[in-house]
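Enquirer: Provided herewith is a single structure, encoded as structure tokens, for subsequent inquiry.
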Amino acid sequence: MAKNITFIVTKDCQLACKYCYLVGKNEKEQMSWETAKAAIDYILSHEDEFREESVIWDFIGGEPFMEIDLIDKICDYLKTEMFRRNHHWFNSYRFSFSTNGINYHTPKVQEFIKKNISHLSIGITIDGTERKHDLNRIYKQSNPDGSEHGSYRDVVRNIPLWLEQFPGGATKVTISSPDIPYIKESVLHLYSLGIHEVNINCVFEDVWQEGDDKLFEDQLMQLADAIIDGGYYTDYACSFYSENIGKPLDPELENQNWCGAGKMLAVDAAGMFYPCTRFAGYSLREKKPLIIGNVRDGIDKNKLRPFLTLDRMTQSPDKCKTCEVASGCAWCQGENYDAAATSTVYQRATAICLMHKARVRANNYYWNKLYRKLELEGQREQYEKNKREVKPVDC
Amino acid sequence: MLQYLVILLDDTSTSYCHYGVNKKERRLISLDHLRQGIRFGMVENLMIQFVYPDYALPQEYLDVIDTIDHSNIKPMAVLDNDTDIVVLNSWDYDASKLKDAVVVLRTGWKQLNENHGMLKDLLAVVQRLNVVITDVERMTDSDREQYKTVLASLGKEVEQLYVDGKSPQFNLLTDRMMLTAMNNCNAGDTTITLAPNGKFYTCPAFYYEEESNSVGDLDSGLDIKNKQLYRLDHAPICRKCDAWQCRRCTWLNRKTTLEVNTPSHEQCVAAHLERNASRDLMLSLRSKGTFLPDKEEIKELTYLDPFEIATQWK
Ligand code: SF4
Ligand code: SF4
Ligand code: SF4
């Protein structure tokens with residue numbers, strides 16, 4: 001299992017996406033080199049507390065590539081230090097980025113990519129068609145005539161370069177209430193751009209309107225028809241459809257927590273440690289940041305204990321304990337904390353309930369339709385052998 | 001299910017547990033709130049425990065208190081015949097005044113380490129002694145090593161008292177032998193506190209430390225959000241544990257791990273050292289003859305912190 005360590009290098013971004021959950025985004029909080037170095041020194045000198053086989057050094061923002069100089073310095077230092085200390089993560093590491101893609105082609109970012117390509121994963125966020133993308137993903141600065149300045153064109157021109165450098169490149173799409181009508185066209189558009197893996201999830205926040213679940217189900221059925229009738233299922237994937245969702249869960253054997261908070265570690269510009277970035281002040285609406293230590297004093301292990309002992313049943317309301325379609329119904333520990341009635345990570349938020357149920361129905365439709373088609377064509381066995389596994393999307 | 005109502009009669013009412021009293025100004029609960037609190041206890045069928053400050057209350061308060069069956073928790077300074085539990089906040093006490101009393105001794109770890117030799121005389125006279133280590137969450141590894149020695153030596157004293165025909169109850173060493181299941185503080189589950197401001201708290205500690213975190217008031221009633229988290233079955237570490245004598249202090253939990261249902265490493269290790277010392281005491285008493293024949297032996301454990309067996313991710 002890999003340890004995920006996230007540097008929140010900046011809270012700034014060129015865009016002001018309408019759905020961005022980062023309520024406290026700002027231009028001031030950039031990580032200093034001293035803080036980054038102190039975090040690395042702490043982590044690498046406590047090897048016995050970080051026993052995971054490998055590590056993913058994750059860089060997020062805001063927009064991480066706005067801090068490419070710092071990131072380059074951090075990555076160089078990480079490589080040198082892991083080697084110098086003969087750390088068990090040397091050669092078992094990846095650098096991972098989620099970017100808006102705008103600066104992808106710039107010389108500094110390209111130089112960085114070339115230097116680290118064998119240890120690099122980069123995901124570019126693109127929401128779908130131009131219309132759909134520019135509905136949300138707009139620049140902070142409007143056009144001279146005052147209209148909104150969408151970012152689609154600046155992102156899409158970098159997609160070919162990205163796919164050339166990362167042929168398996170996957171993109172992540174987040175669905176909120178206004179996005180539902182565009183789901184089908186967006187996924188098909190992303191496929192047409194050459195992106196073979198589209199990971200989608202619904203936001204965990206309580207944003208849903210009455211009737212959204214019906215609309216959602218309808219979109220997913222239309223998309224299912226398009227994927228199956230268009231034959232995309234052979235080498236394109238969409239994380240909405242999975243054979244493992246929508247089943248009851250055993251209260252004892254399938255009692256694991258969903259989300260990885262606590263297994264992960266995030267550090268921000270002030271040098272504070274969090275169980276995941278969602279617990280940092282800039283992403284919380286209602287609650288105080290949940291700090292588990294800092295680069296100077298290290299991690300307070302007592303504050304990790306609740307995360308490391310969290311299980312599904314203890315945090316779930318009764319309806320989820322007996323739910324017949326519970327598998328694949330996700331939660332985000334940070335959103336649970338933010339939405340809870342008291343200051344706790346032990347109250348599961350279920351704003352997603354009807355959306356999950358709608359997804360399960362559409363998913364059943366998808367597999368019934370697909371397998372019938374494959375059977376009629378005598379292709380089922382072949383398909384099952386070569387099936388593309390899509391990782392479940394956590395958050 | 002709720003069973004007990006603790007009523008703090010004054011802002012300076014003595015602590016009888018882990019928390020400290022950080023309010024210095026005397027402020028009595030209003031007579032009105034006192035009456036309403038008693039009424040609440042009566043209609044909810046709760047056993048009421050009054051907690052007293054270190055000065056004499058006005059007669060009108062005593063009259064109201066007397067309208068209901070109750071028990072009294074008082075600091076040593078106002079000890080009288082009407083005291084059910086007496087609290088010692090220092091080691092400067094006169095054991096001869098505590099004959100057959102139920103005593104809570106609140107002490108820092110350092111003082112306990114220095115003075116534990118005095119407990120022999122106290123245990124010889126009292127009916128029951130609860131020692132509360134008020135800074136248990138700050139004990140270090142070496143403190144805990146030392147605590148083991150202190151418990152072993154106290155175990156010898158208790159053993160001798162038993163041999164002499166006395167049977168003092170002592171929370172650190174005899175409770176675990178007598179119990180057959182968890183017996184924790186249960187604040188927020190079976191016990192609730194009414195503070196002098198007319199509001200409810202799960203325990204007095206929350207009134208002193210997080211006053212805004214009340215769980216209802218006399219006018220609108222009790223409203224404990226996420227009430228299930230105060231129950232043992234919603235405490236992933238504790239429900240796997242057999243240190244049955246442990247306070248399982250939800251306030252210390254909140255303070256150290258930010259969650260009321262999750263204990264700190266320090267609390268667990270201290271409780272396990274007590275549990276293990278009880279085991280030694282029980283074995284030793286049994287080697288001398290029949291002792292608690294209907295009770296099971298306390299098993300030997302390989303850990304001092306049940307977190308090790310409760311964690312999801314190894
Ligand atoms: S949130 Fe709804 S769909 Fe998900 S497990 Fe709970 S009851 Fe089932
Ligand atoms: S929660 Fe219970 S054990 Fe802890 S201080 Fe309050 S009354 Fe005492
Ligand atoms: S020792 Fe720890 S796990 Fe056991 S009851 Fe006490 S606080 Fe809970």
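The values are calculated or read from the model by the stated rules, or taken from the named source; none is laboratory data. Keep in mind it's a predicted model, so treat the numbers as computed, not measured. Quick reminder, even Gly has a Cβ in these numbers, built from the backbone with ideal geometry, and neighbours come from all protein chains shown. Calculation scope for accessible area: heavy atoms of the full protein, side chains included, ligands and nucleic acids excluded. Shrake-Rupley method; radii C 1.70, N 1.55, O 1.52, S 1.80 Å.
Enquirer: What distance in nm separates the two pseudo spin-label positions at A:Asn364 and A:Arg131, each 7 Å out from Cα along the beta-carbon direction?
Expert: Result: 3.2 nm between the two label points.
Enquirer: Could you compute how fast region A:47-101 diffuses translationally, taking Rh as the Kirkwood radius over C-alpha pairs and applying Stokes-Einstein at 37 °C with viscosity 0.692 mPa s? Give it in µm² per second. Numbers along the way, then the final one.
Expert: Values: Rh = 12.2 Å.
Diffusion coefficient, whole number: 269 µm²/s.
Enquirer: Let me ask something else. What is the interface area between chains A and B, defined as buried accessible area summed over both chains with a 1.4 Å probe, reported in Å² to the nearest 100? Kindly include the intermediate steps, with their values, before the conclusion.
Expert: On the way: alone 18330 and 15150 Å², together 31390 Å².
The A and B chains share an interface burying roughly 2100 Å².
Enquirer: For the pairs A:Lys73/A:Lys287; A:Lys114/A:Lys303; A:Lys321/B:Lys299; B:Lys120/B:Lys288, flag any whose C-alpha to C-alpha distance is greater than 31 Å. Show your work: numbers first, answer last.
Expert: On the way: A:Lys73/A:Lys287 34 Å; A:Lys114/A:Lys303 39 Å; A:Lys321/B:Lys299 33 Å; B:Lys120/B:Lys288 21 Å.
Where the Cα-Cα span goes over 31 Å, the pairs concerned are A:Lys73/A:Lys287; A:Lys114/A:Lys303; A:Lys321/B:Lys299.
Enquirer: I want to check the label-to-label distance for B:Asn213 and A:Thr234. Put each point 7 Å from Cα in the C-beta direction and report it in nm to one decimal.
Expert: It is 6.0 nm.
Enquirer: What whole number of Å gives the distance from the Cα centroid of region B:222-286 to the Cα centroid of region B:8-54?
Expert: 25 Å
Enquirer: Would you give the gap between the C-alpha center of region B:117-153 and the C-alpha center of region A:159-210, rounded to a whole Å?
Expert: Each part's Cα centre sits 61 Å from the other's.
Enquirer: If each DSSP helix of 4+ residues adds -39,500 (n - 2.57) and the sum is divided by the residues in chain A, what number results at 222 nm, nearest 500 deg cm²/dmol?
Expert: The per-residue figure over chain A is -10500 deg cm²/dmol.
Enquirer: Quick one: accessible area per residue over the protein assembly as shown, 1.4 Å probe, rounded to a whole number of Å²?
Expert: On the way: 31390 Å² over 709 residues.
Accessible surface, normalised per residue, equals 44 Å².
Enquirer: How large is the convex hull of the C-alpha atoms of region B:50-100 per residue, in Å³?
Expert: Working: hull volume 4.0 nm³, N = 51.
Value for region B:50-100: 78 Å³ per residue.
Enquirer: Using only protein heavy atoms and a 1.4 Å probe, report how much of A:Lys184 is accessible, in Å² to the nearest 10.
Expert: 60 Å²
Enquirer: Rank B:Val136, B:Ile85, B:Gly165 by how far each Cα sits towards the positive end of the charge dipole of the protein assembly as shown (+1 on Lys, Arg Cβ; -1 on Asp, Glu Cβ) and give me just the farthest.
Expert: Selected residue: B:Val136.
Enquirer: For a quick check of your reading of the filter: which GluC sites (Glu not before Pro) in region B:142-239 sit in a DSSP loop and have no more than 16 other Cβ atoms within 10 Å?
Expert: Passing sites in region B:142-239 are B:Glu210, B:Glu211.
Enquirer: Can you give me the three principal axis dimensions of the protein assembly as shown from its C-alpha atoms, in Å, biggest first?
Expert: Sorted largest first, the three principal extents are 89, 58, 58 Å.
Enquirer: Dividing the alpha-carbon Rg of region A:111-154 by 2.2 N^0.38 Å yields what?
Expert: Values: Rg = 14.8 Å, N = 44, 2.2 N^0.38 = 9.3 Å.
Region A:111-154 yields a ratio of 1.59.
Enquirer: Still on this model: Just to compare against my own numbers: the Cα pair-distance distribution for chain B, 20 Å bins, whole % per bin, please.
Expert: Pairs per bin, as whole percents: 32, 58, 10, 0.
Enquirer: Related question: Keeping the other protein chains in place, figure out the carbon and sulfur percent of the accessible area of the protein assembly as shown, with a 1.4 Å probe. Walk me through the numbers before you get to the answer.
Expert: Numbers: 15140 of 31390 Å².
Taking all protein chains in place, the protein assembly as shown shows 48 percent carbon and sulfur surface.
Enquirer: Shape call for region A:270-312 from the C-alpha gyration tensor, a ≥ b ≥ c root eigenvalues: rounded (a/c under 1.5), prolate (a/b greater than b/c) or oblate?
Expert: Numbers: a/c = 2.51, a/b = 1.06, b/c = 2.37.
Oblate shape, in that a/c is at least 1.5 and b/c is the bigger or equal ratio.
Enquirer: Residues of B:297-310, mean number of Cβ from any other protein chain within 10 Å of their own Cβ, rounded to a whole number?
Expert: Working: counts 0, 0, 0, 0, 0, 0, 0, 0, 1, 1, 6, 0, 0, 4.
Average neighbour count from other chains, rounded to a whole number: 1.
Enquirer: Kirkwood Rh, Cα Rg: Rg to Rh for region B:136-250?
Expert: Numbers: Rg = 18.2 Å, Rh = 16.9 Å.
The Rg/Rh ratio comes out at 1.08.
Enquirer: Pop the C-beta distance of A:His46 and B:Asp80 into the FRET formula with R0 = 41 Å and round what comes out to the nearest 0.05. Don't skip to the answer; put the middle values down first.
Expert: Details: r = 56 Å, r/R0 = 1.36.
Result of the calculation: an efficiency of 0.15.
Enquirer: Give, in nm to one decimal, the length gained when the segment between B:Gln228 and B:Arg39 is fully stretched (0.36 nm per residue of separation minus the Cα-Cα distance). Each step should come with its number before you reach the end.
Expert: Working: separation 189, 0.36 × 189 = 68.04 nm, distance 2.56 nm.
Extra length from B:Gln228 to B:Arg39 when fully extended: 65.5 nm.
Enquirer: Select from A:Gln256, A:Gln333, A:Gln379 the residue whose mean-square fluctuation is largest in a Gaussian network model of chain A (Cα-Cα springs shorter than 10 Å).
Expert: Comparing A:Gln256, A:Gln333, A:Gln379 in a Gaussian network model of chain A, the most mobile one is A:Gln379.
Enquirer: So, R0 is 30 Å and r is the distance between the beta-carbons of A:Thr80 and A:Asn143; what FRET efficiency does that work out to, to 0.05? List each step's numbers first, then the result.
Expert: Numbers: r = 45 Å, r/R0 = 1.50.
Once rounded, the FRET efficiency stands at 0.10.
Enquirer: So, in Å, what gap is there between the alpha-carbon centers of region A:24-85 and region B:75-109?
Expert: 56 Å
Enquirer: Just list whichever of A:Lys18/B:Lys225; B:Lys74/B:Lys240; B:Lys99/B:Lys156 have alpha carbons separated by over 25 Å in the model shown.
Expert: Details: A:Lys18/B:Lys225 33 Å; B:Lys74/B:Lys240 35 Å; B:Lys99/B:Lys156 22 Å.
The pairs that break the limit, which is 25 Å between Cα atoms, are A:Lys18/B:Lys225; B:Lys74/B:Lys240.
Enquirer: Testing the spin-label approximation: label points 7 Å from Cα along Cα→Cβ at A:Ala226 and A:Gln382. State their distance in nm.
Expert: Output for this residue pair reads 2.6 nm.
Enquirer: If you put +1 on each Lys and Arg Cβ and -1 on each Asp and Glu Cβ, how big is the dipole of chain B around its Cα centre, in Debye rounded to 20?
Expert: Values: 36 positive and 46 negative charges, 144 e Å.
About 680 debye.
Enquirer: For the protein assembly as shown, give the share of DSSP beta bridges that are antiparallel, in percent and rounded to the nearest 5; count only bridges with both residues there. List each step's numbers first, then the result.
Expert: On the way: 15 of 71 bridges.
Within the protein assembly as shown, antiparallel bridges account for around 20 percent of the total.
Enquirer: By how many degrees, between 0 and 90 and to the nearest 10, does the Cα long axis of helix B:31-43 differ from the longest principal axis of chain B?
Expert: 60 degrees
Enquirer: Can you give the average number of partner chain beta-carbon atoms within 10 Å of each beta-carbon in peptide A:336-345, as a whole number?
Expert: Details: counts 0, 1, 0, 0, 2, 3, 10, 8, 9, 3.
The shielding value for this peptide is 4.
Enquirer: Please list, ordered by chain and number, the residues whose modelled amide H lies under 5 Å from the amide H of B:Leu129; skip anything fewer than 5 residues away on the same chain.
Expert: Close amide H contacts, sequence-distant or interchain: B:Val103, B:Gln169, B:Phe170, B:Asn171.
Enquirer: As an exercise, use a Förster radius of 22 Å and the Cβ-Cβ distance of B:Ala56 and B:Asp32 to find the FRET efficiency, rounded to the nearest 0.05. Provide the component values of the computation, followed by the final result.
Expert: Details: r = 21 Å, r/R0 = 0.95.
The calculated FRET efficiency here is 0.60.
Enquirer: With the Cα gyration tensor of region B:161-314 giving a ≥ b ≥ c as the square roots of its eigenvalues, does the rule (a/c under 1.5 for rounded; else a/b larger than b/c for prolate; else oblate) give rounded, prolate or oblate?
Expert: It is prolate, given that a/c is not under 1.5 and a/b is the larger ratio.
Enquirer: Give the aspartates and glutamates whose C-alpha is closer than 13 Å to that of A:Lys37, dropping any in the same chain fewer than 8 places away, or say none.
Expert: Straight-line reach from A:Lys37, under 13 Å: A:Asp72, A:Asp76, A:Glu81, A:Asp268.
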